[in-house]
1. Only residues that are under 16 Å from the mean Cα position of the chain (by Cα) and within 11 Å of chain B (Cβ to nearest Cβ): list them for segment A:80-111, please.
2. Tell me which residues, restricted to segment A:317-367, are hydroxyl-bearing (Ser, Thr, Tyr) and more than 29 Å from A:Pro99 (Cβ to Cβ).
3. Which ones in segment B:249-268 are surrounded by fewer than 24 Cβ atoms within 10 Å (Cβ to Cβ) and either free of Cβ contacts under 8 Å to residues at least 60 places away in the same chain or not charged (D, E, K, R) (or both)?
4. Please note which strands (runs of 3 or more DSSP E) are completely contained in segment A:121-190 and include at least 2 residues that are within 20 Å of the chain's Cα centre (by Cα) and facing chain B (nearest Cβ under 7 Å).
5. Criterion first (assigned to a loop (DSSP other than H, G, I, E, B), at pLDDT below 75 and not assigned by the TED database to the domain that holds A:Ala326) does A:Arg37 satisfy it?
6. Working only within segment A:79-134, note down all residues that are out of contact with any Gly (no Cβ under 8 Å at 6 or more places or on another chain), among the aromatic types (Phe, Trp, Tyr) and modelled with pLDDT under 95.
7. If a residue must be in contact with a helix residue (DSSP H, G or I) (Cβ under 7 Å, 6 or more places away or on another chain) and either under 23 Å from A:Pro176 (Cα atoms) or crowded, with 24+ Cβ neighbours inside 10 Å (or both), how many such residues does segment B:158-171 contain?
8. In segment A:223-230, is there at least one residue being buried (at least 24 other Cβ atoms within 10 Å of the Cβ) and within 26 Å of the chain's Cα centre (by Cα)?
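The values are calculated or read from the model by the stated rules, or taken from the named source; none is laboratory data. Model, not experiment: these values are computed from the prediction. Because the Cβ atoms are built from the backbone with ideal geometry, glycine has one as well, and the counts that use them run over all protein chains shown.
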There are 2 protein chains.
Amino acid sequence: MADMNDGTILQAEELIPVATESEAECLELGGAGSLARRPFDPEVLTKLLEGIQDDPSATQEYMQLGGGVPTLGIGMDACVSPLRHAGFCVVQTTDFFYPLVDDPYMQGKIACANVLSDLYAMGVTECDNMLMLMGVSTKLTDKERDVVVPLMMRGFKNGAVEAGTNVRGGQTVLNPWLTVGGVATSVCQTPEIIMPENAVPGDVLVMTKPLGTQVAVNAHQWLDMPERWNRIKLVVNEDDVRKAYNRAMDSMARLNRTAARLMHKYNAHGATDVTGFGLLGHAQNLARNQKAEVSFVIHNLPVIAKMTAVAKACGNMFQLLQGLSAETSGGLLICLPREQAAAYCKDIEKQEGYQAWIIGIVEKGNRTARIIDKPRVIEVPAKEKEGELW
Amino acid sequence: MADMNDGTILQAEELIPVATESEAECLELGGAGSLARRPFDPEVLTKLLEGIQDDPSATQEYMQLGGGVPTLGIGMDACVSPLRHAGFCVVQTTDFFYPLVDDPYMQGKIACANVLSDLYAMGVTECDNMLMLMGVSTKLTDKERDVVVPLMMRGFKNGAVEAGTNVRGGQTVLNPWLTVGGVATSVCQTPEIIMPENAVPGDVLVMTKPLGTQVAVNAHQWLDMPERWNRIKLVVNEDDVRKAYNRAMDSMARLNRTAARLMHKYNAHGATDVTGFGLLGHAQNLARNQKAEVSFVIHNLPVIAKMTAVAKACGNMFQLLQGLSAETSGGLLICLPREQAAAYCKDIEKQEGYQAWIIGIVEKGNRTARIIDKPRVIEVPAKEKEGELW
């Protein structure tokens, strides 16, 4: 989420600060009138970024330097740069986040999973180094700080260790808002990377995590905000919300690493991860990046149970069924050959105990993506694994 | 400056926001009662970081993995991690800053030079990729934003290009404070790195930029703050301050790359860059990291002209002559064999037109650093190059 490589840009889409910010301050950002917002107009951001885009001649020169090594600049999930050393390239991504869950340890893990996810979307499964970026809120008391910050760091670090890498540097500063994020770097040989550009008509689209994390996180906050709770209590009860929130936390903290490994096994043609721009935003971004003249059509929307009802009860606020609700550390959206997709979904469920879904198709088109008029909503239960109860 | 690899930690020492923050907000941070502050007590930060330090067994395992490749975690300027590919390691650093000059383009260049400086301090002259981290202040009007942010990005990018690298990714978010920074990554073979640990008694200490950037930046701000200006106007005039400010900007935007190249030519035994902890803080950090039982003794302090007088007129605020005044994008502090040091200084002046100075010696000791009681202050004039006038 929220990196320059998501849709060309620049944004802080998921400003759902829990502990440190008053709502008033959040609303100063403008936006959709909810705690979750997308403050930068993509056009504004594109304009801001003009200054650092390479001029074509420079890019050309750079491509030549790279020889046969793939090169990917601003625009997709991670940047890919050829190295001076033949055959190697560096794949890098950076992200940072404003907290959205009230468990600092989980927030650290989620931030780490989200940073790494941009590598995984490129099929890169081995991260060689992580840096941690931490903004310690000036509004925390000493005691809050001494409890919250180490837990968050520990969560981030443990996420890195779980991913087979480690945190070996970073920066921490004081800042009005609490932030946590990092940098993930992999030095790869070409076959380790699946460039997000080879979808062909006949492929299908697979998604590896359910939608609705933002809705769940907001609904959970509203348990303590009677005025807002009243808006949704007719469609959902407290227990539903707690289950959905826990399911969202679990989903956000889960690494997309197995999903990335299996992309190689099942010959994926490209992928992206679903974060701040929502499913449709990222699908459009991925479609735009394809070499072949293809379009994506999405038929199914797997959503954390009850969150569709909550979203509907909030009017047009989340735009969940329009595919525009921001996700944090969402799943991979993968273009797979049709004959491989079912096996992919079966394999990931076998390995991880989590479902994946075929949600759409790739057809001939003009590099756009859309959701059909009445998509089928798949309610993804909080309880998913046998014997495990949220 | 301000990275976790500076003195183990975590800090935002040089909070000298010019355009976007009211002084009142800055002062909320606590600290020394000036606009320039060091808000985190190093002990607090060390404690916060405990959660992510490796346990010794894990480190051991990791070292074995690394084989003969040097490994350097949290504590010095950049982290060095062995890669899966034999003989290669990745050297990385990240930093971000609150603006301290009123020219956005120059601020971008300075941030870039400061990020890269941590690689240069390790003797690494080739940066393979940069990411840019930008926090766009929520307090900027649209017009301010559309002018300031692209200029800052352009400055950052041009700094990268000047360094023979490029910005290929990053993240930009909305934040109460304006911030600019980045990540620099180099994939190296061992001989490209000069580990900061091989000083021996008999070496001398060379510094490649003058001190006093923080004093100059503050004095320049005070031109518009009569109450503060009155405190220093007896020792300095407006013209002096503008010259010092321009000299500081020029110095901060200058890359330490030639300084790093020459470290190889003249067999440097290790170096660090002088940033947020001031000359003495970084000297102590470097001394602590030495393999041999050595101490550093500093005799000479090159300071931007008139800034010593300004610092003295401000009482104990800057602690410039104590070596504790924060610098931004300061010079390299290098341990060189005595017989090479003069040639090093001569060579850098020949190549760049900027002086370097022998400022101290390495003697047998317990890995500490100190400044002698009455150090010799070298006034570094604003006008340095023939025919060039600030």
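1. A:Gln92, A:Thr93, A:Thr94, A:Asp95, A:Phe96, A:Phe97, A:Tyr98, A:Gly108
2. Filtering segment A:317-367 for residues hydroxyl-bearing (Ser, Thr, Tyr) gives A:325, A:328-329, A:344, A:354.
Across segment A:317-367, the qualifying residue is only A:Tyr344.
3. Restricting attention to segment B:249-268, the residues satisfying the condition of being surrounded by fewer than 24 Cβ atoms within 10 Å (Cβ to Cβ) are B:250, B:254-255, B:257-258, B:261, B:264-267.
Answer for segment B:249-268, where residues must be surrounded by fewer than 24 Cβ atoms within 10 Å (Cβ to Cβ) and either free of Cβ contacts under 8 Å to residues at least 60 places away in the same chain or not charged (D, E, K, R) (or both): B:Leu255, B:Thr258, B:His264, B:Tyr266, B:Asn267.
4. Values: elements: A:129-137, A:167-175, A:179-189.
By residue number, A:129-137, A:179-189.
5. So A:Arg37 fits the description; yes.
6. Listed by number, the residues that qualify are A:Phe88, A:Tyr98.
7. Initially, segment B:158-171 is screened for residues in contact with a helix residue (DSSP H, G or I) (Cβ under 7 Å, 6 or more places away or on another chain), giving B:158-160, B:163, B:166-167.
Restricting the remaining residues to those that are either under 23 Å from A:Pro176 (Cα atoms) or crowded, with 24+ Cβ neighbours inside 10 Å (or both) gives B:159-160, B:167.
Counting residues in segment B:158-171 that are in contact with a helix residue (DSSP H, G or I) (Cβ under 7 Å, 6 or more places away or on another chain) and either under 23 Å from A:Pro176 (Cα atoms) or crowded, with 24+ Cβ neighbours inside 10 Å (or both) gives 3.
8. Going through segment A:223-230, the residues buried (at least 24 other Cβ atoms within 10 Å of the Cβ) turn out to be none.
No: segment A:223-230 contains no residue that is buried (at least 24 other Cβ atoms within 10 Å of the Cβ) and within 26 Å of the chain's Cα centre (by Cα).
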